[in-house]
Amino acid sequence: MTQYEPSTPLSTPSQFDFPFPPYDIQQDFMANLYSVLENKQIGIFESPTGTGKSLSLTCGALRWLCDHEKLRQQQLIEDIDKLAATIRDEEKSNEVNWLESQHEVILKKESLMKLRKVLERLSVHDKEMIAIKERRTKERKAKVKYRSARVSESIGMNDEQGEDDEFLITNSDDDGDENDAEDDNRYPGVQIFFCSRTHSQLTQVVNAIKSTVYGKSIRVASLASRQNYCINDDVRKLNSNSLINDRCLELQRPSNSQPTKLCESRAVKKKKTEATRCPFYSKQTIDTLREESLVDIMDIEDLVKVARSEKACPYYSSRLAAKDAQVVMIPYQILLHKRTRVQSGLCLTNNIVIVDEAHNLIDSLTSVYSAEISLTQLQASREQLDAYKTKYSLRFSSKNLLKINQLIFVTKQLIKLLSADANKSSTRMITGYDLMVEGEFFNIKINDILDFCDKTRLPQKVQGFSQKFGTTIVSTVVPAPKLDAKSFLKQLAEKQSNEKKKIESKTTPSATESPKGNDAVVSSSIRLLLKFLECLVENIDDGRVLLSYNVSVRSKSSMKYVLLNPSGHFNDILKECRSVIVAGGTMQPTSEFKNQLFPSYRDRVKEFSFQHVVPTENVLPLVVSTGPSGTKFSFNFTNRLNKEMLNDLSSTLRNVCNVVPGGVVCFFSSYDYLETFYSYLEEVNGLNDIRKKKFIFKEPRLSGQVEKMLADYATAVKSKELNGAILFSVVGGKLSEGMNFSDDLARCVIVIGMPFPNKTSPELVEKMSYLDREFGSGAGAEYYENICMKSVNQCIGKSEANCRTEYLFLIVVVLGRAVRHIKDYAAVLLVDERYSQRKIIEKLPRWISNSLQCTKRFGVVQSSLVCFFRRRLV
């Protein structure tokens, strides 16, 4: 049903019910967000990390949602009254053209009936939500316990299915799993889908909503995968998300073997039981948990905790709650992948999508729709499919057998392509259609095969079958019987031999199982194959296939689908949604979003960039073009090992350590260059010179060592033994994104060089060529620069002490009042003369570029640092 849209536009309010008096930039942020949502536009919002971006997003969006729903209900009633009065007046009047007037009256009556139906659904929906709240409140007060009796009604199913039938494709599989159909009688209110990269970021937004006045009335649901929500310990112990999904679906399906009884000389099947084998999959308990989550705002951890006490499945209750929620929290994967979005039951039509931490949105979208599979995995897929077909060849329908044979044929042809002559080049890039032509399966409808696999759950069946039986399966084809005794004895001996081989195949681990020591990816190779084929049938111009031949180790040869045009998939979201907001702390360069995500919707795009809450004079951004001895800093590939430049870089760091108090975080372009410079410091005794002023720490390559290193670094910064500490890190590493350094932990952030990617990478070359073809010459080079600048901006935006205001918001929440002044401060040093170029400066965050000082002499840098910190230490 289409939504009713008020004809009267909303005017931007002056107050947004912020938990405390907002800063000016927060007020501007919410006002502009409100306007974008009302005008059905696409908004790009850049607000530095630590400026209350998430809180501004929620308050601005929720204020608009409440105002919109209130106006819609009010105007709906007014339109119904006006239309009813008009109809009454026209029926009483004596029109000359009676036939025409009656036709208009009939049309107006139809419109009136539709409006009344919308109002009725709105009324029913509101009453239902009120009833849920009253029911839950009443039950809590009475401390009613539901679960123990009801759970027992949902268990007790006898598994009468034979092992030979467990993985067989049956006719019922063609119908597919039942999807949650959209209720036609449900009131189509506007929903906000709040999306972020990680669940922890979504949890922060949930907590932000709780801290506002909207937390008492807004309904919020948090969607996540089964891996996050499953509370069945037997299922949770499985290693991969795919295995958890398979096991969950398996535990829901009733047995295919139903006992029969004779009734009046006819075989009658007993009525199918609704029981399941999962103790938490109960309609009653799931519905109760759904009501709980609609009454109280819960994040994932909260819902899981309540689900355990209620003995109800949080995964399915969250999906049910999402239909009635006003705000739905979802991770990137659910939003960006269309098939996952549909399976989750999300409807984006006329709704709002807000993407927080959107600086890596394009990379995430590209990753979702890219796929890679190796020769080893292709061979494993073929073996699994061959064994599966051999096992059930006589029991498949002709339709199912045809699709499986086609899939096996395609797999063999892909193997043949990767097993080509060693004389071929190491890599080559081709279109998906060219791959199908070379593989000689261009005439096979891949989409039909994918639909068949999806409806019959073939990957789950094949993977489970392979783990249980392996790939050495004896054919079940039975030859025509012969009547002579000699043939009978021979068949009997073969039968015994086959049974012995079958037993051995069960007890001996196969090559495609995932026991200890085997690659778990091989066991799920059928899924990788189908994902690759799914990418292969996309629009030809949207992607390419990279064939990589490993001559020395042929099994490591691989083929990878590379998505070139992410807008092709994001357009589905833009077409359906009322408005889309992408927000982040470092959204520059925004041209990437306009060119690669919104090329067909440029007229709807509105761009906003806000300054920091920290006063401009408390941030000192400097371009360091030369060292103390006058050597120009240009850390390009050919010049990066220049001894004079390394020596001047060493002197620069010593001078910075002499001046800057507390912590210094220094970012290098790669781990290799960090090791190179660190080795040089050891060679020239530079480490000892720095240690006289600061403790030295280096980012470890292993993730497990990061936490301890950060703890030691924080302790060293606070130590009074030396003047703080210096931390050597890597752009794009474990510390450049998502890690906050507050207060003394990072009084100075240094970015050494420009982290350009490898320009000879086949994927990058193809992407740049594509952009040049689509957007004109130079678009590829700009994309190349943008990759570098996004990495730099993440170092500045994330590490520059969470932009120095995290503690302020904590004080505000606790004391319930605004902090009137900000005492924090930091310096940012961009060490490379290329940062002085205008096109590079324009791609830095606005709050940095507006006050950036480009100096050509190191003496000016040193003097500026001394004055900056001296004023703040007095």
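At q = 0.14, 0.17 Å⁻¹ the log10 of I(q)/I(0) for the stretch 294-434 amounts to -0.96, -1.03, computed by Debye summation with a single uniform scatterer per C-alpha, solvent ignored. Considering only Cα-Cα distances, which of the following residue pairs are longer than 26 Å: Lys416/Lys531; Lys556/Lys698; Lys606/Lys790? In this structure, Lys556/Lys698 exceed 26 Å between Cα atoms.
Using a Förster radius of 35 Å, what is the FRET efficiency between Asp233 and Gln74 based on their Cβ-Cβ separation? Nearest 0.05, please.
That gives a FRET efficiency of 0.10.
Exposure proxy for His359, His125: other Cβ atoms within 10 Å of each Cβ, ordered fewest to most, give His125, His359.
For the stretch 634-772, the dipole from Cβ point charges (+1 on Lys and Arg, -1 on Asp and Glu) about the Cα centre works out to 440 debye, to the nearest 20. Residue ranges 310-317, 858-865 sort as 310-317, 858-865 when ordered by packing (mean number of other C-beta atoms within 10 Å per residue, highest first). In plain terms, the chain from Gln204 to Lys632 could stretch by 149.7 nm, reckoned as 0.36 nm per residue minus the Cα-Cα distance. Filter Lys133/Lys283; Lys643/Lys692; Lys53/Lys708; Lys694/Lys720; Lys40/Lys127; Lys237/Lys389 down to the pairs with a C-alpha to C-alpha distance above 21 Å, please. Exceeds cut-off: Lys643/Lys692; Lys53/Lys708; Lys40/Lys127; Lys237/Lys389. Whole-Hz Karplus values for the stretch 23-30 come out as 5, 4, 5, 5, 5, 5, 4, 5 Hz, taken residue by residue from phi with 6.51 cos²θ - 1.76 cosθ + 1.60 and θ = phi - 60°; glycine and proline positions read x.
A cut-off under 14 angstrom between Cβ atoms defines the neighbours of Gln837, and their net charge, with Lys, Arg +1 and Asp, Glu -1, is +1.
If R0 equals 41 Å, the separation of the Cβ atoms of Asn360 and Leu107 corresponds to a calculated FRET efficiency of about 0.20. So what's the net charge close to Leu674: Lys and Arg +1, Asp and Glu -1, counting the other residues with Cβ under 9 Å from its Cβ? Counting the neighbours of Leu674, the net charge comes to -2.
Each residue of the stretch 4-9 was assigned a 3J(HN,Hα) from its phi angle through the Karplus curve 6.51 cos²θ - 1.76 cosθ + 1.60 (θ = phi - 60°); the sequence is 7, 10, x, 7, 8, x Hz, with glycine and proline shown as x. Spin-label model, Leu641/Glu120: points 7 Å from Cα along the beta carbon direction are separated by 8.1 nm. Pairwise Cα separations in the stretch 300-355 fall into 5 Å bins from 0 onward with the following percentages, short to long: 4, 16, 27, 25, 15, 9, 4, 0.
Computed from label points 7 Å out along Cα-Cβ, the spacing between Arg857 and Thr340 is 5.6 nm. Among 43-56, 101-114, sorting by the average number of other beta carbon atoms lying within 10 angstrom of each residue, highest first, gives 43-56, 101-114. Classify the stretch 352-427 from the C-alpha gyration tensor, please: rounded if a/c falls under 1.5, else prolate or oblate depending on whether a/b exceeds b/c. Cα axes put the stretch 352-427 in the oblate bin. Over 27 Å apart at the Cα level, from the set Lys117/Lys338; Lys114/Lys216; Lys759/Lys843, are Lys117/Lys338; Lys114/Lys216.
Test of understanding: ordering Met436, Met30 by Cβ neighbours within 10 Å, fewest first, what list do you get? Walk me through the numbers on the way to the answer.
On the way: Met436 22, Met30 26.
Arranged by neighbour count, lowest to highest, Met436, Met30 become Met436, Met30.
For Ser777 and Glu139, the difference between the fully extended length at 0.36 nm per residue and the C-alpha to C-alpha distance is 223.0 nm. The local environment of Leu687, defined by Cβ-Cβ distances under 12 Å, has a net charge of +3 under the rule Lys, Arg +1 and Asp, Glu -1. Ordering 700-713, 841-854 by mean Cβ neighbour count within 10 Å, with the highest value first, yields 841-854, 700-713.
Tell me, in nm to one decimal, what length is gained between Lys127 and Lys216 on full extension, where the rule is 0.36 nm per residue of separation less the Cα-Cα distance?
30.3 nm
Read-outs: derived from the displayed coordinates by stated rules, not from any lab. These numbers were taken from a predicted model, which means no experiment stands behind them. As a convention, Cβ positions derive from the backbone with ideal geometry for all residues, glycine included, and neighbour counts pool all protein chains shown.
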